[in-house]
Amino acid sequence: MAYLNENYEKLQAGYLFPEIGRRVNAYAAQNPDKKIIRMGIGDVTQPLVPAVIKAFHEGVEDMAKIETFKGYGPEQGYAFLREAIAENEFHARGVQISADDIFISDGSKCDTGNILEIFGMNNIIAVQDPVYPVYVDTSVMGGRTGTMQASGYYEQIVYMLCTAENNFTPELPKQKVDLIFLCFPNNPTGTTSTRENLEKWVAYARANNSIILYDAAYEAYIQDADVPHSIFEIPGAETCAIEFRSFSKKAGFTGVRCAYVIIPETLKAANSKGEMVSVKALWSRRHSTKFNGASYPVQRAAAAIYTPEGKEQIAGVIAYYMENARIMKASLEQQGFTVFGGVNAPYVWVKTKNNMKSWEFFDQLLNEIQVVGTPGSGFGPCGEGYFRFSAFAARENVIEAMERLRSMNNE
Ligand SMILES: *Cc1c(COP(=O)(O)O)cnc(C)c1O
């Protein structure tokens, strides 16, 4: 008899985005004449920039000729891409990350879920609430949690509350935690962390031999000069942090798939004998056993964002989305909403009026003005009463959605 991994039965049924999809599809089926504006899922809408397309084509052409054909590439990723990343993302900011400490993959979703495999089962995992659901659900699947409680929290996970009072940046946990997922700029709240705050986290992690799992998927959206782009800008982080980066939001690669993990050589974790062992070596073993490398044309396409044209072109796309965010934030504030985020991140995080529940606001927007956002409660209990709008829509849709909202909401 074959038995299932029963940890999967602990997962909560309605994963957020399928539930949104279900409600939107049901509405659309009944109202085929209504134009729905989607500002829900965090997916980009603008096409790949010309420099990326050109390199992508060249990569495909290489595959067509016997002299330049590529079979399996290096599991860790081609050196041309890892070196371009080290140079442009890190050395250019004065951060000494070696190309050897970078592992190319096909997405940060997989990376943030897979990373737990190299850590022991007795680690206490801490996450922000509200949270990107992947960190929690993959912890559940891996058997690292108990069951979901009535509170909306899984047993054995430490939730770090992010509220308006702490500007959605959590306090240090009172109890000792071992693996700490931090996401800045944050999805879903669109808030960022200051350097001082990250220094506190690095000090905590070093003092407790914990490891920070830093998701910087939205780093390219940072506008303010004093907001760190990488945890490795904080001295000491190279001994207590892993960072996740992705080309998905930075360069519109959500449908292309390319990302990377940075694990410094100097990062160590304990085995049961109390010996400190290289984390990178374990990840390297895992990665090369279970992954055969991202596709060559994709890595060529990714490297093209570090050419002068590529840099300029992706900056233009990011500026377009950030102008959307600015328009949304300004309009929502003018309509009397309390708004967070939208300054260094492509998400605007809105407090509903009169403490309306997130899903109630979702249904109201869908039914009355055909605008789709994401209910904050889907990201965790602290998200209740909030709503996330994504800035990844087309400009005219952003403007129209804000006008429709204004027409609805006069109290
Ligand atoms: C979009 C996103 C990612 C990137 O995921 P990919 O699998 O690389 O597309 C990672 N983390 C967060 C929080 C995200 O929102």
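Just a few scattered comments:
- Which listed residue, of Ala2, Ala13, Ala28, is more than 28 Å from Cys258 (Cα to Cα) and at pLDDT below 95: Ala13
- Filtering the range 129-149 to residues that are among the aliphatic types (A, V, I, L, M), out of contact with any Lys or Arg (no Cβ under 6 Å at 6 or more places or on another chain) and in a helix (DSSP H, G or I) leaves Val136, Met141.
- Wholly within the range 315-411, strands (runs of 3 or more DSSP E) carrying at least 3 residues that are open to solvent by less than 40 Å² (accessible area, probe 1.4 Å) and touching a residue at least 24 places away in the same chain (Cβ under 8 Å): 347-351, 386-390
- Among residues of the range 59-90, those that are open to solvent by less than 70 Å² (accessible area, probe 1.4 Å) and either within 12 Å of Tyr306 (Cβ to Cβ) or in a helix (DSSP H, G or I) (or both), counted: 12
- Enumeration of residues in the range 192-210 that are open to solvent by 10 Å² or more (accessible area, probe 1.4 Å) and touching a residue at least 24 places away in the same chain (Cβ under 8 Å): Thr192, Thr194, Arg195, Asn197, Glu199, Lys200, Ala203, Tyr204, Arg206, Asn208, Asn209
- Every residue from the range 25-50 that is open to solvent by 100 Å² or more (accessible area, probe 1.4 Å) and acidic (Asp, Glu): Asp33
- Scanning the range 107-131 for residues that are under 14 Å from the mean Cα position of the chain (by Cα) and more than 16 Å from Val158 (Cβ to Cβ) returns Gly107, Ser108, Lys109, Cys110, Asp111, Thr112, Gly113.
- Annotation note: Cβ proximity below 7 Å between a residue of the range 95-123 that is at pLDDT 95 or above and within 11 Å of the ligand (Cβ to nearest atom) and a residue that is open to solvent by 40 Å² or more (accessible area, probe 1.4 Å) and among the charged types (D, E, K, R) (sequence gap 6+ or interchain) occurs for Asp106/Arg257; Gly107/Arg257.
- Of the strands (runs of 3 or more DSSP E) lying entirely inside the range 211-285, those containing at least 2 residues that are within 16 Å of the ligand (Cβ to nearest atom) and either touching a helix residue (DSSP H, G or I) at 6+ places or on another chain (Cβ under 7 Å) or modelled with pLDDT of 95 or more (or both) are 211-215, 241-246, 259-262.
The values are calculated or read from the model by the stated rules, or taken from the named source; none is laboratory data. Treat the numbers as computed from the prediction; the structure is a model and nothing was measured. Counting neighbours? That spans all protein chains shown, and the Cβs are built from the backbone with ideal geometry, glycine included. For accessibility, only protein heavy atoms count, side chains too; no ligands or nucleic acids. Shrake-Rupley method; radii C 1.70, N 1.55, O 1.52, S 1.80 Å.
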